[in-house]
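Okay, structure first, notes after.
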Amino acid sequence: MILSEYVIPGMRIRDHQITVPLDWNRPDDGRSIEIFAREVVDPVRDGEALPKLLFLQGGPGGKGPRPVDGPPWLKEALKSYRVILLDQRGTGRSSRIDAHRISGFGTGEAAADYLSLFRADSIVRDAEHLRTTVFGGTRWETLGQSYGGFITMTYLSLAPEGLSACYVTGGLPGLRASAEEVYRRTFPRAAAKTKRFYERYPDDRTRITRVADLIEGSDIRLPDGDRLTVKRLQIVGIDFGVGPGFENVHWLFDEAFANTHEDRLSEQFLWQLTGLTSYDGNPLYAVLQECIYGHGEGATAWAAQRIANEHPEFGPEERPLLFHGEMIYPWMFSEIRSLRPFQRAAEALAARPFHTPLVDHARLAANEVPLAAAVYFDDLYVDAGLSLETAAQLGNAQAWVTNEYEHDGVRASPAVFTRLQGMVRDRGGPLPA
């Protein structure tokens, strides 16, 4: 169903909504959700039979990008594609999961049962239903950023017949790597990124120490009422994985104090810190983060916290202070206001093994759909070594390894997407529709 249709500069947009089963394994049980997707096309070429490109957003829990003067890859794609921006189930306008929704479940187990239906396998089936019912059933190409690459692996495992080519940016996961192995590789990179940050901004070492010491000895409240702790301060290091991340964190601390010689944190600093660490806009990211590593084996059991215990140098009492990456810890669900309603569900998810694997290793090895992937050598979040191991195990796949970009390279320059397109076309192009 088309909800609306309109034109903005350079883009004709159609907003689509479909109804899908909540549980694709039990489609007739009467439970359903709504899936939203935004079709974007160059108005001049709207009447043409253009190939379709499905964008798979990073996350987990990420909605499709809103087309406001970009992102750069979208402008490039619109030269030759009809682009589909999907809000993955539970996000944006696709039956969004928020604190109100999750609070309606009587137990953490019931909430976890519900959330377990929002993993990559369900997202792929939603996309296939959208492709066959709304967009004519022809094969489409996919561009998967970060977690979108994880979804791509599931797509190639479950429904390769729907795909003509796949592009992945910073998102080739380790196909057999547990959450524990992923974080064991991540902590040293987070330490190395922090070291490089202090080398770029040596005065920040003293300034951040001063901030951390003040927080440690005071009851400082954020504007939303949460107590500011040093360990919460450390999670702003998630920004170290994107191109302007060092600068973002530097300018945050540049105005940390209300006055140079006064030990009082500025209101601006506290407001900015609240926005960076609250998860208000995307609680599912925190709730489902470790679930994406569930390969049909044991429970993830708060893997990031267990590996953090092996790295005392990240302790909040250590100086100079080290910053974390995208690790999610159990304390967040009791200390961060927006995550408290999800605490019981998060604990239940951490304790349960996911018996349904998200990838089919044999099918991926025999894959015929052309795939090109950008592997960012210095990626904070997705280990380049694991990505290259995966590329070697995939049929018809190529990897481009670069340290020119950080994890957000496809958002920084259209050259990333065009490079991947060229890699596929040089080897015969997409499969026929």
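The values are calculated or read from the model by the stated rules, or taken from the named source; none is laboratory data. The structure displayed is predicted, hence computed values, not measured ones. Virtual Cβ from ideal backbone geometry, glycine too; neighbours counted across all protein chains shown.
Computed quantities for the displayed model
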quantity	calculated
Segment 11-37 residues that are within 30 Å of Lys79 (Cβ to Cβ) and in the same structural domain as Asp87 (by TED's automatic domain parsing), paired with ones that are buried (at least 16 other Cβ atoms within 10 Å of the Cβ) and modelled with pLDDT under 95 (beta carbon under 6 Å, 6 or more apart)	Met11/Pro67
Residue satisfying condition, being part of a loop (DSSP other than H, G, I, E, B) and modelled with pLDDT of 95 or more, within set Ile84, Ile97	Ile97
Any hit, segment 155-165, residues being in contact with a Gly (Cβ under 8 Å, 6 or more places away or on another chain), closer than 17 Å to Trp140 by Cα and in contact (Cβ under 8 Å) with a residue 24 or more places away in the chain	yes
Residue count for segment 110-129, restricted to those that are closer than 15 Å to Val287 by Cα and buried (at least 16 other Cβ atoms within 10 Å of the Cβ)	10
Residues that are within 19 Å of the chain's Cα centre (by Cα) and among the polar types (S, T, N, Q), drawn from segment 170-199	Ser178, Thr186
Those residues of segment 232-273 which are more than 19 Å from the chain's Cα centre (by Cα), among the acidic types (Asp, Glu) and under 23 Å from Glu317 (Cα atoms), in sequence order	Asp254, Glu255, Glu262, Asp263
Near pairs, Cβ below 6 angstrom, 6+ apart or cross-chain, from segment 381-397 (more than 19 Å from Ala304 (Cβ to Cβ) and assigned to a helix (DSSP H, G or I)) to any residue that is at pLDDT 95 or above and of a type in the set (Phe, Trp, Tyr)	Ala384/Phe377
All positions within segment 312-328 that are part of a loop (DSSP other than H, G, I, E, B) and surrounded by fewer than 17 Cβ atoms within 10 Å (Cβ to Cβ)	Gly315, Pro316, Glu317, Glu318, Arg319, Pro320
Residues that are surrounded by fewer than 18 Cβ atoms within 10 Å (Cβ to Cβ), outside any helix (DSSP H, G or I) and either of a type outside the set (S, T, N, Q) or touching a strand residue (DSSP E or B) at 6+ places or on another chain (Cβ under 6 Å) (or both), drawn from segment 66-81	Arg66, Val68, Asp69, Gly70, Lys79
Number of the condition not met by Tyr405 [criteria: (1) touching a residue at least 12 places away in the same chain (Cβ under 8 Å); (2) more than 19 Å from the chain's Cα centre (by Cα); (3) not in a helix (DSSP H, G or I)]	(2)
Selection count, segment 4-49, where residues are in a strand (DSSP E or B) and either more than 14 Å from Ser94 (Cβ to Cβ) or modelled with pLDDT under 95 (or both)	12
Given (1) modelled with pLDDT under 95; (2) surrounded by 17 or more Cβ atoms within 10 Å (Cβ to Cβ), index of the condition His261 fails	(2)
Contacts under 6 angstrom Cβ, first residue in segment 40-57 being under 16 Å from Leu85 (Cα atoms) and in the same structural domain as Val124 (by TED's automatic domain parsing), partner among the aromatic types (Phe, Trp, Tyr) and assigned to a strand (DSSP E or B), 6 or more apart	Lys52/Trp140; Leu54/Trp140
Neighbours by Cβ (under 7 Å, 6+ apart or cross-chain): first from segment 249-272, in a helix (DSSP H, G or I); second surrounded by fewer than 14 Cβ atoms within 10 Å (Cβ to Cβ)	Gln268/Glu255; Phe269/Glu255; Leu270/Pro223; Trp271/Pro223
Condition check for Leu228: buried (at least 17 other Cβ atoms within 10 Å of the Cβ), over 26 Å from Asp378 (Cβ atoms) and in contact (Cβ under 8 Å) with a residue 24 or more places away in the chain	yes
Filter result for the condition that a residue is of a type outside the set (A, V, I, L, M, F, W, C) and out of contact with any strand residue (DSSP E or B) (no Cβ under 9 Å at 6 or more places or on another chain), over Tyr155, Tyr201, Tyr147, Tyr167	Tyr201
Residue list for segment 361-377, restricted to those being crowded, with 17+ Cβ neighbours inside 10 Å and either closer than 21 Å to Asn396 by Cβ or modelled with pLDDT under 95 (or both)	Leu364, Asn367, Val369, Pro370, Leu371, Ala372, Ala373, Ala374, Val375
Qualifying residue in segment 16-26 (condition: surrounded by fewer than 20 Cβ atoms within 10 Å (Cβ to Cβ) and either under 15 Å from Gln145 (Cβ atoms) or charged (D, E, K, R) (or both))	yes
Considering residues of segment 394-407 that are buried (at least 16 other Cβ atoms within 10 Å of the Cβ) and touching a helix residue (DSSP H, G or I) at 6+ places or on another chain (Cβ under 8 Å) only, the residue nearest to Ser178 (Cα to Cα)	Leu394
Residue in segment 167-174 that is surrounded by fewer than 21 Cβ atoms within 10 Å (Cβ to Cβ) and either in a helix (DSSP H, G or I) or at positive phi (or both) present	no
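Yes/no matrix, rows are residues, columns are (1) in contact with a Phe, Trp or Tyr (Cβ under 9 Å, 6 or more places away or on another chain); (2) outside the structural domain of Pro160 (by TED's automatic domain parsing); (3) in contact (Cβ under 8 Å) with a residue 40 or more places away in the chain:
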position: Leu86; (1), (2), (3): yes, no, yes
position: Phe105; (1), (2), (3): yes, no, yes
position: Ala112; (1), (2), (3): yes, no, yes
position: Phe118; (1), (2), (3): no, no, yes
position: Thr132; (1), (2), (3): no, no, no
position: Gly136; (1), (2), (3): no, no, no
